[in-house]
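The values are calculated or read from the model by the stated rules, or taken from the named source; none is laboratory data. All values reported here derive from a predicted model rather than from experimental measurement. When we count neighbours, we look across all protein chains shown, and the Cβ atoms used for this are built from the backbone with ideal geometry, even at glycine. Calculation scope for accessible area: heavy atoms of the full protein, side chains included, ligands and nucleic acids excluded. Shrake-Rupley method; radii C 1.70, N 1.55, O 1.52, S 1.80 Å.
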Amino acid sequence: MKIRNFKKRMVSAAVILSVFTLMFSFCGCKKEEPEPEPEVVAEEEPEPEPEVVEEPVVEEYTGPRSILTGLPISEELSKKRPIAIMTENTKMCLPQYGLNEAGVIYEAPMEGGYSRLMAIYDDVSGRSQLGNVRSTRPYFIWTANEYDAILFHCGQSIHAKVLLDDGIIDDVNGVLGEGEIAYFRTSEHKIPHNMYTSEEAINKGIEYKKYRTELKEDYEGHFKFAKDSEENTLTSGEDCVVVKPYYPYNKPGFIYDAEKKQYKRYQFGDKQVDHVDNDNQVTVDNIIIEYCRCGLYPNTEYVDASIVNADGVGKFLTRGKMIDIKWQKGSDSSITHFYDNNGNEIELNQGRTWICIADGQYIDKLQCYATEADYEAAKQ
């Protein structure tokens, strides 16, 4: 009896153990779900920092500068007097020699509707032919004197002779005794279109006349120039890419070259070139148009441009822009000053300057165009 009960208990225990084992087995073998992989978020690459382009620092030149161009110049040249050469401007004299070597060029009316040039140089070294050289007028004498220049010319009007005889300016005259020393003729043209000068001839002429070769100690210059680092862009001016001042014979004009920042000169319907400079076109950095009263001296055929003890209006062009200006010249020995409409003296960009002394009665004949396309359209 005891044995049977013992067996029953053993069977029950075995059953219970089996149940627990089975339950444990089910629990232990249950497959655990894997934890989700963390989401990988691609990091955005940072935008590259913008490249900082530093403007080159322009160091202001502190040495001597040309009184004509404002450009750096040697100490020796900075002390020398400029050379002013009367230069013919007709079809009969072409090509001209040395205009791209000049720092300042004046153009003014002459008899018969012609214009004449006066080219002013601070350096004629190495020049074997300059000109051709023609006669002068009083307004050229007064203007050359503003630069303390020595004037080279071949003849003069009767009123200019009075000034020359009075010693208003140091001059070397091709029709006087120094003519054979300071000038030469070529077979290129007929007289009077074939007289020229050169570095050697100029030096001989100055030596013959025993003129001083250095600027006056109190000479302070003629123009105000922009600094090396601050060009004058005439931001307040109007666009003017083509300008045609009125001279009836040669009908000149200037077209702005934005790439070179210079004005290219035209006349007689073609480019004006410099034969010394491999027939390259004449170019300038600044243009000034100076309107004055023009007429004839009483009982003569000679033109009188009234620029002494006078004032007037004009235009200033540089870097493709143009503004109105006013000019003023006191005595025959004073310097002509140019002002903007606010009364400030204008600031030229460094380089060559062309100054047109123009007849004020033709001020309405000035042609200005904002673009070359406007100019071409106006010709249609």
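List every residue whose amide H lies under 5 Å from the amide H of ASN132, counting only residues 5 or more places away in sequence or on a different chain, with H placed 1.01 Å from N in the peptide plane.
Close amide H contacts, sequence-distant or interchain: GLU88, TYR97.
Can you pull the one-decimal nm distance between simple spin-label points at SER128 and GLU231, each 7 Å off the Cα toward Cβ?
Each label point is offset 7 Å from its Cα along the Cβ direction, giving 3.5 nm.
Report the one residue of VAL276, LEU163, ILE191 whose Cα lies farthest in the direction of the positive end of the charge dipole of the chain (charges on C-beta: Lys and Arg +1, Asp and Glu -1; origin at the Cα centre).
So the residue we want is VAL276.
Would you mind computing, in nm to one decimal, how far apart the modelled labels at ASN309 and SER331 are, each placed 7 Å from Cα along Cα→Cβ?
Spacing of the two 7 Å Cα→Cβ label points: 1.2 nm.
Full extension from GLU238 to LEU77: what is 0.36 nm times the residue separation minus their Cα-Cα distance, to one decimal in nm? All intermediate terms of the calculation are to be shown ahead of the outcome.
Numbers: separation 161, 0.36 × 161 = 57.96 nm, distance 3.68 nm.
That works out to 54.3 nm of additional length.
Cα-Cα over 25 Å: which of LYS204/LYS264; LYS161/LYS244; LYS227/LYS315? Walk me through the numbers before you get to the answer.
Values: LYS204/LYS264 34 Å; LYS161/LYS244 32 Å; LYS227/LYS315 22 Å.
The pairs that break the limit, which is 25 Å between Cα atoms, are LYS204/LYS264; LYS161/LYS244.
Label points 7 Å out from Cα along the Cβ direction at LYS261 and ARG293: separation in nm?
Reported label-point gap for LYS261 and ARG293 is 4.0 nm.
Between TYR211 and ARG65, 0.36 nm times their residue separation minus their Cα-Cα distance comes to what?
Details: separation 146, 0.36 × 146 = 52.56 nm, distance 2.31 nm.
Computed gain between TYR211 and ARG65 is 50.2 nm.
Given (i) 62, 45, 45; (ii) 174, 49, 44; (iii) 66, 41, 34 as candidate values of Cα extents along the principal axes in Å, which corresponds to the one derived from the coordinates?
(ii)
If you count, for each residue, the other Cβ atoms within 10 Å and average over each peptide, how do 72-78, 270-276 line up from highest to lowest?
270-276, 72-78
Once neighbouring chains are kept in place and the probe is 1.4 Å, which whole percent of the accessible area of the range 76-150 is contributed by carbon and sulfur? Mind dumping the intermediate values first?
On the way: 780 of 1750 Å².
Here carbon and sulfur together make up 44 percent of the probe-accessible area.
Taking the Cα centre of the chain as origin and charging only Cβ (+1 Lys, Arg; -1 Asp, Glu), how large is the dipole, in debye to the nearest 20? Intermediate values should be presented prior to the final figure.
Numbers: 42 positive and 65 negative charges, 320 e Å.
With Lys and Arg at +1 and Asp and Glu at -1, about 1540 debye.
Spelling out what I want: for every residue of the range 161-166, take phi, set θ = phi - 60°, compute 6.51 cos²θ - 1.76 cosθ + 1.60 (Karplus), and round to whole Hz; glycine and proline get x.
The phi angles translate into 4, 4, 5, 5, 5, 7 Hz.
Mind checking the dipole of the range 135-258: about its Cα centre, +1 per Lys or Arg Cβ, -1 per Asp or Glu Cβ, Debye to the nearest 20?
700 debye
For a quick check: with amide H placed at 1.01 Å from N, whose amide H comes under 5 Å from PHE338's, ignoring anything fewer than 5 positions away on the same chain?
ILE346
Please give the per residue accessible area of the range 76-193, computed with a probe of 1.4 Å over protein heavy atoms only, in Å². Display every interim value, and only then the final one.
Numbers: 3940 Å² over 118 residues.
Roughly 33 Å² per residue, with all protein chains present.
Could you work out the local net charge near ILE346, counting Lys and Arg as +1, Asp and Glu as -1, over the other residues with Cβ closer than 9 Å to its Cβ?
Numbers: positive: LYS224; negative: ASP340, GLU345, GLU347.
Computed value for this residue: -2.
What net charge do the residues around SER334 carry, taking every other residue with its C-beta under 13 Å from that of SER334, with Lys and Arg at +1 and Asp and Glu at -1?
On the way: positive: LYS329; negative: GLU146, ASP148, GLU220, ASP311, ASP332.
Local net charge: -4.
Which percent, nearest 5, of DSSP beta bridges in the chain are antiparallel? Before the final figure, lay out each step's value.
Working: 60 of 81 bridges.
Here the antiparallel bridges make up roughly 75 percent for the chain.
Which of PHE254, GLY360, LEU130 sits farthest toward the positive end of the charge dipole of the chain, with +1 on the Cβ of Lys and Arg and -1 on the Cβ of Asp and Glu?
PHE254
Please give the length that would be gained between ASN341 and LYS271 if that part of the chain were fully extended, namely 0.36 nm times their separation in residues minus their C-alpha to C-alpha distance (nm, one decimal).
Numbers: separation 70, 0.36 × 70 = 25.20 nm, distance 3.31 nm.
Roughly 21.9 nm would be gained on extension.
Residue-wise, which Karplus ³J(HN,Hα) couplings in Hz belong to the range 265-281, taking 6.51 cos²θ - 1.76 cosθ + 1.60, θ = phi - 60°, and x for glycine or proline?
Those phi angles translate into 9, 10, 6, 6, x, 8, 5, 8, 10, 10, 5, 5, 8, 6, 6, 6, 5 Hz.
Could you go through the range 308-323 in sequence order and give the Karplus-derived ³J(HN,Hα) for each residue, using 6.51 cos²θ - 1.76 cosθ + 1.60 with θ = phi - 60°, rounded to whole Hz, and x for Gly and Pro?
With coefficients 6.51, -1.76 and 1.60, one gets 9, 6, 8, 8, x, 10, x, 9, 10, 10, 7, 6, x, 10, 9, 10 Hz.
In the range 232-380, what percent of the accessible surface is made up of carbon and sulfur (1.4 Å probe, ligands and nucleic acids excluded)?
Working: 3040 of 7040 Å².
Solvent-exposed carbon and sulfur of the range 232-380 make up 43 percent of the total.
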